[in-house]
Each structure stands twice: as structure tokens, then as C-alpha cells.
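Enquirer: Dropping the structure in here first, questions after.
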Amino acid sequence: MRIGIIGGGAAGLVCAWLLEQHHEVTLFEKDDRLGGHAHTVDIEVGGRPLGVDAGFQFFARSAGYATFNRLLDELAVPRETYPATLTVSRADGSRAVAMPPFRRGRPVWSSLTPRAIIHLARFRAFLSRLPAFLAEHDTSVTIAEYVERERLPRAFVDDFLFPLLLAFWCVDLAEFRRFAAYNALYYLGANLPRGLRPPAQSEIPGGLRGYVDALVASLERASLHTSSDVGSVTRDADGTLFVEVAGTRQAFDHVVLACDARTAHDLLAPLPELAELTAQLARFRYFDTTIAIHGDRRLMPRDRSAWSVVNVRTDASHSALSIWSPSRGIDVFKSWVTFDDELPQPLYATATYRHGLIDTEYFDAQRRLRPLQGRHGISLAGLYTADADSHESAILSAVAVAERLAPESPRLARLRG
């Protein structure tokens, strides 16, 4: 078949990789680069060049990222592990609670106050109950309902737990309370700490660009087109699909939309036979997040001994993350700055990404899309179509497309393990 893929993020690239040995594949990406949220930006600090992952970053050698790790193995992409330490502090950097409360064998004293110790003990108990809840895969419970069901003390929830969880999404607290608990807790449950040791996270030396480049280099037959913004998807009387880019139409037997649900909806809405599918796509909501790569220590805990890889800063209504890599030996940070009044300085780069609002309606729409996949020559790929909001889901969405369109693919068999 002639297969057109719209979107050159992870889902689209993996679709091309899985399908190209069996079909004639053409991929269109509107940006001038491939990878989507796997986005390594180049900066220079003090004359030293650095590659910093501005988008997707965290994954681990765990069951939560099993398919992604098999893909990296297949592509021979190296990985390194590091301890994913975590600190929660006020927006001004005060009252830092570090997990674990030791760094290089020395105590972080702000994390050993009675208040901090109680928070840490309750958090560990909270974490211990996550695997059982996540195994149920109940996507109908909001995070507010889950926390209420846990009967947790209000001070712990308001001062520590909700600020910590909220930081990973950077939305209003009222909006976050409607998020599905399954998704809000997925990252914590996918890589739990052991004892006082922080969980181990993985990184690709040089950034995720190494993974994207390896995936692109492994493509043998697929045709990739960047800076190609798709204007429309149409169908003629005999059922042939056409993808239009810059006034030029290309014919396909099947089209895979590996873009966000909003873009897929707008492209497919003019096709009346897809009304049921576009009705579900319209239910997915999005918000924009702005990321800054910078060297401003004001966005970190005041006490340097409390600095972690993941640093949560919180005020009465919002939380945000600042990510730091101790191994670099340099003060370069990646911070969520969507609600900040001013950008940090020195500022090296900014990026804005579209993220899904992962509420219970999101998962209901996801479930209702599954039986509609593949009908009328249209498939959907992207993390919103498969489980929680993670890079693993993007890879799984491509696997699902290949299971329909190239079920005998040797690459598919290896990726499924």
C-alpha cells in the first residue's frame, strides 16, 4: 500500500520504521526537524557547547518503558543511569525538603525538621500503595477523588503532595484536581525508589537527539519530508486519499495521522464518513507549556546542598519544575516558566510544547477511538491514543498501527518482545 504519515515525532517515525519494509511510506513533518517532543537544543555556556533536552527527558529501564527500551536496544542507542533525586521547596527556594534527605553522605538539614520528616514518611507510605492502584488501570478516578479516598492529612496534601504532583504538569491547581489519578501518578509508580535510595533514571549521552538520529538513519525506504505542513486530507470518488502540502496533492491508500488530536480533528473534520471518529477527537483538550533553558539559580532551592535532579518550586496556586544535571558540573537548568512573570537570566533558549489535559474524559475518548482505528483508510497514532501520557505510549501507538497494517513485520515482532 501507499501509506502517508502526518507527523514526524516519535509515533510517526516509529510507524515509518515498522511499515516501510512492507509498504511505500511517505512522512510529512511541518517543522524543520524530526522528533517532536524528543527535542535536544544546542546552547553555549562559557564557551562550552551543550546539548539540553528541552522536551521529553525522563525514562527508566522499567516495565513502564519496556517497549521504548527495546527500540533503543534495536537501534543500539547507549544509555546511562543516574539517581533521580527530588526536592520540594517554596517558590522563593525556602523550606526545601530533599528526597532522600542526604547528599554525598551528608544530611540536608532542612529535610530533617519534624515537619519534613513527617512529610517524607507519609510520602513513602503513599508511594507504597501506588502499584496496586495502577495495576487496576482505573482511569475514571480523578486525582482529587483518589487523595480523598486515601484519607490523607490536609497539611500533607496541601503543603507537599499536591504541589509535588502539580509541578509535572504546570497547570492551575483547580484543573489538575480533575486529572485522572492513573495518569497523575503514573510517573511515580513507573519507577519507585528503593529504601532511602532515589530511583534510577536513564539518559542518552548527548541528549535524545541521538535516539532520533539513530531512528532516522535506520530507515531504509521511507521518504521523509520536513517543513511540510499538511493543508488538507481529502478523498476522491474511488476512495483514494490525498494529502495536500503547499498546493501539491499526493495519493495514498492509507493515511496515519501521527499528530496531536486537535490537528487530526481539523484535518479529518471535512470527511463526513469520519464523523464518529472526529467527534471523539474533539473531546481531547490541550494546553501550552513554556520551557526555559537558563542559568538562573533563583529558580532552585536556596540551599545548594538541597539541589536535586528534579526540583519543585511552589506557591499558593502553581507549581513548576527546574531540572538540573549534577554530572555536568555547571549551573544550567531546564525550568517550566509558563506562569512566571519574567524569564530567568541568563536565558539560553526557550521552547513551547502542546500537552494534553489528561482528565477522565481524555481516557474515555481514548477508549472509544480504539474500535474506530483503521476504518476508511485512516489510522491515528500518538501518545493520546495509547494509555498514559508518556513516551512509551507514543511507541505503543505505532505498534498498534503496525499490528493492523504490517502484522508480519520482523521489526514489530522484535519491538513487542
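Enquirer: Return one number: the angle in degrees, 0 to 90 and rounded to the nearest 10, between the long axis of the Cα atoms of helix 391-405 and the longest principal axis of the Cα atoms of the chain.
Expert: Tilt relative to the chain: about 20 degrees.
Enquirer: From the P(r) of region 243-326, could you give the percentage of C-alpha pairs in the tail past 21 Å?
Expert: 56 percent
Enquirer: Let me ask something additional. Cα gyration tensor of region 374-417, axes a ≥ b ≥ c as square roots of the eigenvalues: rounded (a/c below 1.5), prolate (a/b > b/c) or oblate?
Expert: oblate
Enquirer: Another question, if that's okay. Against the longest alpha carbon principal axis of the chain, how many degrees, from 0 to 90 and to the nearest 10, is the axis of helix 360-369 turned?
Expert: Once rounded, one gets 20 degrees.
Enquirer: Here's a follow-up. First check a/c for region 129-175, with a ≥ b ≥ c the square roots of the eigenvalues of its C-alpha gyration tensor; if it is under 1.5, answer rounded, and if not, answer prolate when a/b is larger than b/c or oblate otherwise.
Expert: Oblate is the answer for region 129-175, as a/c is 1.5 or above yet b/c matches or exceeds a/b.
Enquirer: Additional query: In deg cm²/dmol and to the nearest 500, what is the mean residue ellipticity at 222 nm of the chain if only DSSP H runs of at least 4 residues count, each as -39500 (n - 2.57), divided by the residue total?
Expert: So the calculated ellipticity at 222 nm is -8000 deg cm²/dmol.
Enquirer: A further question on this structure: Taking the alpha-carbon set of region 1-65, what are its Rg and Dmax in Å?
Expert: 15.7, 52
Enquirer: Just want the ordering: Asp359, Asp42, Asp159, from fewest to most Cβ atoms lying within 10 Å of their own Cβ.
Expert: Going from least to most buried by this count: Asp42, Asp159, Asp359.
Enquirer: Hey, another quick one. Calculate log10 I(q)/I(0) of the chain for q = 0.06, 0.10, 0.13 Å⁻¹, where I(q) comes from the Debye formula with a single equal point scatterer on each Cα and nothing for solvent.
Expert: -0.25, -0.70, -1.16
Enquirer: Quick check for you: which residues of region 53-93 have the amide N under 16 Å from the point 7 Å beyond the Cα of Arg194 toward its beta carbon?
Expert: Counting backbone N atoms under 16 Å from the label point, the list is 60-64, 81-85.
Enquirer: From the alpha carbon gyration tensor of region 324-417, can you work out the equivalent ellipsoid semi-axes (sqrt of 5 times each eigenvalue) and give them in Å, largest to smallest?
Expert: Three semi-axes, in Å: 36, 20, 11.
Enquirer: Quick check: the angle from helix 209-218's long axis to the longest principal axis of the chain, C-alpha only, nearest 10 degrees?
Expert: With both axes taken from Cα atoms, the answer is about 20 degrees.
Enquirer: Take the Cβ-Cβ distance between Met1 and Arg70 as r, set R0 to 35 Å, and report the resulting FRET efficiency rounded to the nearest 0.05.
Expert: With R0 = 35 Å, the Cβ-Cβ based efficiency is 0.85.
Enquirer: Binned at 5 Å from 0, what are the whole-percent values of the Cα-Cα distance distribution for region 100-156, short to long?
Expert: With a bin width of 5 Å, the distribution comes to 4, 15, 21, 20, 15, 11, 9, 5, 1.
Enquirer: Could I ask something else about it? Quick one: pull the percentage of alpha-carbon pairs in region 1-143 with a separation above 25 Å.
Expert: Tail of the P(r) past 25 Å holds 57 percent of the pairs.
Enquirer: Sticking with this structure for a sec: Please report Phe333, Phe102 as a ranked list, fewest other C-beta atoms within 10 angstrom at the top and most at the bottom.
Expert: Ascending Cβ contact count within 10 Å gives the list Phe102, Phe333.
Enquirer: Would you work out if region 141-289 is rounded, prolate or oblate? Take a ≥ b ≥ c from the square roots of the eigenvalues of the alpha-carbon gyration tensor; rounded if a/c is under 1.5, else prolate when a/b is larger than b/c, oblate otherwise.
Expert: oblate
Enquirer: Next up: Taking the Cβ-Cβ separation of Asp138 and Ala275 as r and a Förster radius of 30 Å, what is the calculated FRET efficiency to the nearest 0.05?
Expert: Efficiency for this residue pair is about 0.50.
Enquirer: Based only on other Cβ atoms within 10 Å, what is the fewest-to-most ordering of Ser325, Ser335?
Expert: Ordered from fewest to most neighbouring Cβ atoms within 10 Å, Ser325, Ser335 come out as Ser325, Ser335.
Enquirer: Rounded to the nearest 5, what % of DSSP beta bridges with both residues in the chain are antiparallel?
Expert: If I count the DSSP bridges inside the chain, around 70 percent turn out antiparallel.
Read-outs throughout are calculated quantities, based only on the coordinates presented, and are distinct from any laboratory measurement. Worth saying up front: this structure is predicted, and the values here are computed from it rather than measured. Glycine gets a Cβ as well: all are built from the backbone with ideal geometry, and neighbour counts include every protein chain shown.
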